[in-house]
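Following: one structure in C-alpha cells, then a few remarks.
Each reported figure results from applying straightforward, stated rules to the coordinates on display, with no laboratory input. What you are looking at is a predicted structure, and each value in this text was computed from that prediction instead of being measured. Cβ: placed from backbone, ideal geometry, glycine included. Neighbour counts: every protein chain shown.
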C-alpha cells in the first residue's frame with residue numbers, strides 16, 4: 001500500500017511538471033566592436049600634427065594608412081565580434097591619387113580588409129567610369145568588401161556602374177553575422193553635394209537620403225533583422241537629424257564633414273562633440289553616432305552592447321594615431337616624457353608603429369611620388385601669403401590690402417577655364433603660404449589639398465551681387481568664418497561693413513578682354529564665373545551658387561584645382577606677388 005501511494009505521488013508530480021511550459025531563456029547581451037574610418041582621401045602617407053600642451057607648441061608625425069591598419073589589427077586582436085567599416089571618400093585629395101589613380105587606395109584597403117564601404121561624393125570625381133574601376137579594384141577572394149549606397153541610382157544599361165542591373169557594382173545594404181547575430185548595414189551617399197560638386201554621369205541620379213534609408217531599413221526588418229547600422233557619407237549634423245526620424249536604427253557610422261569627435265581640449269584641438277554621440281531614434285531608442293575625422297588620422301573604436309535588439313550601452317574612443325617622436329615646435333625642453341605621458345593617458349591619442357608590409361608599399365610609392373612632386377615649377381623671391389582682409393598686415397607678406405595667394409589662385413582658375421569672364425576663390429580654400437625658394441608640384445598639392453574641381457557657372461549681374469553679399473555676410477557673421485570672404489580675378493568691387501546686408505558691396509566691375517577695360521556689371525547681363533566646387537556647392541554661405549547649379553546653369557569641368565594652379569605657375573620663371581586685387585576699397589565695421 002505504501003508503494004502505491006509513493007507511485008501515485010510521483011505521477012502527480014510528473015504531471016504537474018509536464019503541464020508547465022518551459023520558460024524561454026533571457027536574451028544574453030551582445031557586444032559588438034566597430035573599427036571605422038572615413039574620408040581618407042588618398043592620404044596614404046602620414047602628416048605632421050601640431051598641438052598645444054602645457055603652454056608649449058608641439059609637433060609629431062600623425063596618421064598614414066599603414067598606421068591605421070596597425071590600429072585596426074590591434075582592435076581585432078583585443079575584441080570579439082569586430083566590424084571594420086569605411087564611411088566613404090577614399091579617393092582624390094592627394095598627389096598619390098593624381099599619379100597612381102585608385103589602384104593604390106584599393107590595394108591598401110584590401111589589405112586592411114573592410115567589411116563594408118559606402119560610396120562618398122568624391123568617388124564620382126572621375127565620373128561613373130572612374131568609380132566603376134575603383135569598385136572593381138575593391139575586394140578580393142579573401143576580403144569580400146560590401147560596396148554600399150541605398151540612394152545612388154545610375155541608369156541601368158547606360159552607366160558603366162549598372163550595365164545590366166541596379167546592383168551590378170554596389171548594393172543598398174548588406175547583412176553580416178557576428179557572434180551568431182545578424183547585422184544589417186545600410187549605405188547612404190550625400191545627394192546634392194555629390195550632384196553639384198562631383199562629377200556623376202548626367203544619367204545618374206541621387207535620391208533623397210532619408211527616404212532611401214527608410215526603405216532599406218524596412219526591407220531589413222521584413223527579413224527579421226533588427227540590429228541595423230547606417231554607414232553614411234552625409235555629414236555629422238545630418239546623421240543626428242536622420243537618427244531622430246528613422247525607426248529601427250541603432251548605430252550610425254558617418255563621414256563627409258571631416259568631424260573630429262572626443263575631448264581634445266587639453267591639447268588645443270577643437271572637436272564637434274562627444275565620441276560617441278548618443279541620440280534617440282524615431283521609436284525613442286538609443287542611437288550611437290561616430291565619425292573618425294579625415295586624411296588617415298583617426299581610427300574610431302565604437303563599443304556597442306545590445307540588449308535584445310535595442311542598444312543597452314555604447315562607448316569606446318577615437319584613436320588619433322601618432323608616432324613617438326614628439327618635439328617642441330620652438331625652443332628646447334629637457335625631457336618630452338611628460339607630454340608623452342599626457343598623450344598616452346588622454347584617451348584620444350594612440351602611439352602606434354605603422355604596419356610593416358604596408359609601410360614597405362608606401363615607401364615604394366613615395367619614391368614615385370617624390371620624383372613627380374619635386375618638379376620645380378617656379379622660383380619665389382618673396383613669401384606669398386594668405387592674408388585675411390581687415391586683419392593686421394604681416395610684414396613678411398607685404399602691405400597689400402587683400403590676400404596675394406587667393407588672387408593668384410583665382411588667376412589660375414581663369415587660365416584653366418579661359419571662357420570664363422572672372423573667377424572667385426574663397427579665403428579658406430587653400431592651406432598655408434607660398435614660401436620663398438623653389439615652388440614644386442608637391443607644394444601646389446599641399447597648398448590646395450581638398451580635392452576640389454573647377455566649376456563654370458552662368459550668372460546674371462544681380463545674381464552675382466547676391467552671391468558676393470551672401471559670402472561677405474557669412475564671413476562676418478558670428479557663426480560664420482572669415483574664410484568665406486570672396487577674392488577674385490578679372491572682377492572688382494568695394495566693401496563697406498558699416499552697411500547692412502544687401503548694401504555692403506558696390507561698384508562691381510568685370511574686365512572686358514576684347515576692349516581691355518573695366519565695365520560695370522549690369523543686373524540683367526549674363527556672365528560666366530569659374531570657381532571651386534566647394535563653394536559652387538553652396539558651402540561657406542555661397543547659397544546662390546547652389547541655386548544656379550540646381551537650375552542646370554553650372555558645369556563641372558573636372559579640372560583639379562591644384563593641377564590648374566600648378567599649370568599656371570609653371571609658365572613663370574619667378575612667381576611674384578600680385579599687384580592688383582578684386583577688393584578696391586574696404587571699410588571695416590564700426591568699433
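Observations on the structure shown:
- Within region 522-540, backbone nitrogen closer than 19 Å to the virtual label 7 Å beyond the Cα of residue 458 toward Cβ: 522-531, 536-537
- Overall form of region 312-393 per C-alpha gyration tensor (a/c, 1.5; a/b vs b/c): oblate
- Based on alpha-carbon atoms, the Kirkwood radius and the radius of gyration of the chain give Rg/Rh equal to 1.06.
- Folded to 0 to 90 degrees: helix 236-245 orientation relative to the chain principal axis, Cα: 40
- Sorted peptide list for 463-475, 318-330, 72-84, criterion being average Cβ within 10 angstrom, highest first: 463-475, 318-330, 72-84
- Measure of compaction for region 30-367 (Cα Rg per 2.2 N^0.38 Å): 0.98
- Put simply, the C-alpha atoms of region 297-360 give a gyration tensor, and the ellipsoid matching it has half-axes of 33, 17, 8 Å, longest first.
- Euclidean distance of C-alpha centroids, region 107-156 and region 515-591, integer Å: 33
- Principal-axis tilt of helix 356-373 within the chain, Cα atoms, nearest 10 degrees: 10
- Full extension of the segment from residue 515 to residue 580, taken as 0.36 nm per residue of separation minus the current Cα-Cα distance, would add 21.5 nm.
- Residue 309-residue 141 FRET efficiency (beta carbon distance; Förster radius 25 Å; 0.05 resolution): 0.15
- Calculated log₁₀ intensity ratio I(q)/I(0) where the Debye formula runs over C-alpha points of region 318-445, q = 0.10, 0.11, 0.22 Å⁻¹: -0.59, -0.71, -1.17
- Label-point separation, residue 524 to residue 479 (7 Å along Cα→Cβ), nm: 3.8
- Computed from label points 7 Å out along Cα-Cβ, the spacing between residue 329 and residue 345 is 2.4 nm.
- In a fully extended conformation the segment linking residue 31 and residue 570 would gain 188.4 nm over its present Cα-Cα distance, using 0.36 nm per residue.
- Overall dimensions of region 376-587, expressed as equivalent-ellipsoid semi-axes from the Cα gyration tensor (√(5λ), whole Å, largest first), are 25, 20, 17.
- Folded to 0 to 90 degrees: helix 461-476 orientation relative to the chain principal axis, Cα: 70
- Fully extending the segment from residue 218 to residue 336, taken as 0.36 nm per residue of separation minus the present Cα-Cα distance, adds 37.1 nm.
- Peptides 576-583, 374-381 ordered by packing proxy, namely the average of other Cβ atoms within 10 Å per residue, highest first: 576-583, 374-381.
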